[in-house]
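I have placed the structure first, in the form of structure tokens, so that the comments after it can refer back to it.
Readers should treat all values here as calculations from the given coordinates under stated rules, not as data from a laboratory. Predicted model, so just to flag it, every value in this text is computed and none were measured. Backbone-built Cβ (ideal geometry, glycine too); neighbour counts: all protein chains shown.
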Amino acid sequence: MTPEFLLGLGILLIGVIGASFPQPKTYINRLINLEISGFGLLLIMLAYDETLALLTFIAVTAITTFVIVRVLERRAVN
């Protein structure tokens with residue numbers, strides 16, 4: 001196992017725990033923790049292939065940002 005893979009697993013785990021149990025329960029905090037998880041996923045994929053890592057990071061970042069912004073908009077309306 002490469003150092004990128006192990007570091008990525010650690011960062012991914014920290015980000016998932018942080019997104020699941022945020023201390024200040026704000027959506028910005030959850031978005032930041034999801035971005036941390038995405039960076040951990042980038043490091044895991046970097047251990048395999050650089051192109052796959054870049055495409056996965058872009059996809060995860062775009063999807064999580066879109067979902068969190070939609071949730072924030074719905075919360076602001078109510």
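Against the chain, whose longest principal axis comes from its Cα atoms, helix 3-20 is set at around 10 degrees.
The GNM of the chain, with springs linking C-alpha atoms under 10 angstrom apart, assigns the highest mean-square fluctuation among THR64, THR56, THR26 to THR26. Rg and Dmax of the chain, based on Cα coordinates, read 13.8, 48 Å. Shown here for the chain: trypsin sites (Lys or Arg not before Pro) in loop regions (DSSP other than H, G, I, E, B) with at most 16 other Cβ atoms within 10 Å, namely LYS25. The 3J(HN,Hα) values that the Karplus relation (6.51, -1.76, 1.60; θ = phi - 60°) gives for the stretch 42-59 are, in residue order, 4, 5, 5, 5, 5, 5, 9, 7, 5, 5, 4, 5, 5, 5, 5, 4, 5, 5 Hz. Gly and Pro appear as x.
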